[in-house]
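Below is one structure, written out as structure tokens; the observations come after it.
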Amino acid sequence: MTENTGSFRLSSARRGGPQDNPTLILAVVLVLAAIVLIIVLAVEDRDDQPVEPTPTPVPTAAPSPLPTRTPTPGFERAESGWVDAAVIMPPTLTPTMPPLEAYPTRAPKPTPSISQCAAYRYSTYQVFAPSAQVKVDIRVDNRCPYDLGPNNLLFEITGWRDGAHVQSVRGVPFETIRRGRSGDLSIGLPGSIDWYDEIEVVVFD
């Protein structure tokens with residue numbers, strides 16, 4: 001016969017693990033299944049989308065060479081220092097004047113003589129005082145470029161009879177006759193106006 005000694009076994013109280021809670025296990029399984037389903041759907045959507053064609057590279061044109069610039073004279077830097085380049089200066093233009101046209105010049109007019117520029121006319125009549133003589137009145141128009149007077153104007157009165165020279169007298173004006181003006185003078189020739197065949201009046205240069 002078995003004897004009950006009255007001894008007893010003590011056990012510590014513990015919470016049940018996940019294997020003890022069926023609801024938690026089910027929730028974990030559902031979450032994992034949902035994740036797997038989402039991944040499968042995502043892969044199928046990606047396979048259904050058309051594959052974009054790979055762009056064909058466009059051949060680029062080769063760059064055209066740039067025009068080479070001709071170096072202009074200036075200062076060049078060399079290892080030995082600054083070098084002065086030759087500076088070509090443009091030629092200096094010499095001002096030229098057009099040839100002057102020679103205009104024809106008038107030759108100076110020669111100074112006319114008194115007989116050429118002094119115009120005169122005269123009249124004669126008989127007088128008896130202070131003696132019997134032929135009075136000759138002369139009117140002079142001074143057309144000369146100078147004045148006429150006692151120093152340069154001289155008249156000669158000559159009486160002719162039967163083609164022979166009888167006698168002559170000379171006379172000058174007492175006043176100056178300005179150029180462009182007129183003047184008078186009188187000269188007496190001795191004798192009778194009826195006795196002379198011709199009375200001549202001339203001016204001396």
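Rule-based calculations on the coordinates, nothing more; no lab input. Please read all numbers here as calculations on a predicted model, not as lab measurements. Glycine gets a Cβ as well: all are built from the backbone with ideal geometry, and neighbour counts include every protein chain shown.
In table form, for the structure just shown:
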read-out: For peptides 162-174, 98-110, sequence by mean Cβ density within 10 Å, most packed first; value: 162-174, 98-110
read-out: Residues with amide H under 5 Å from that of C144, placed H, sequence gap 5 or more; value: G180
read-out: FRET efficiency for S182 and R106, using Cβ-Cβ distance with R0 set to 35 Å, rounded to 0.05; value: 0.75
read-out: J(HN,Hα) series, segment 100-108, from Karplus relation 6.51 cos²θ - 1.76 cosθ + 1.60, nearest Hz, glycine and proline x; value: 6, 7, 7, 7, x, 9, 7, 5, x
read-out: Net charge contributed by nearby residues that have their C-beta within less than 12 Å of G188 (K/R +1, D/E -1); value: +1
read-out: Length gained when the stretch H165-F204 is fully extended (0.36 nm per residue, less Cα-Cα span); value: 12.2 nm
read-out: Long-range amide H partners of L189 with built H, under 5 Å; value: V134, K135, V136
read-out: Assigned charges on the beta-carbon of Lys, Arg, Asp, Glu; segment 99-205 dipole about Cα centre (debye); value: 440 debye
read-out: Lys/Arg +1, Asp/Glu -1 at C-beta; segment 119-204 dipole; positive extreme among V140, I193, Y122; value: V140
read-out: Residues in segment 133-147 that a label on T124 would reach, taking backbone N under 16 Å of a point 7 Å out along Cα→Cβ; value: 133-139
read-out: Cβ-based net charge around L148, under 11 Å, with every Lys or Arg adding one and every Asp or Glu removing one; value: +1
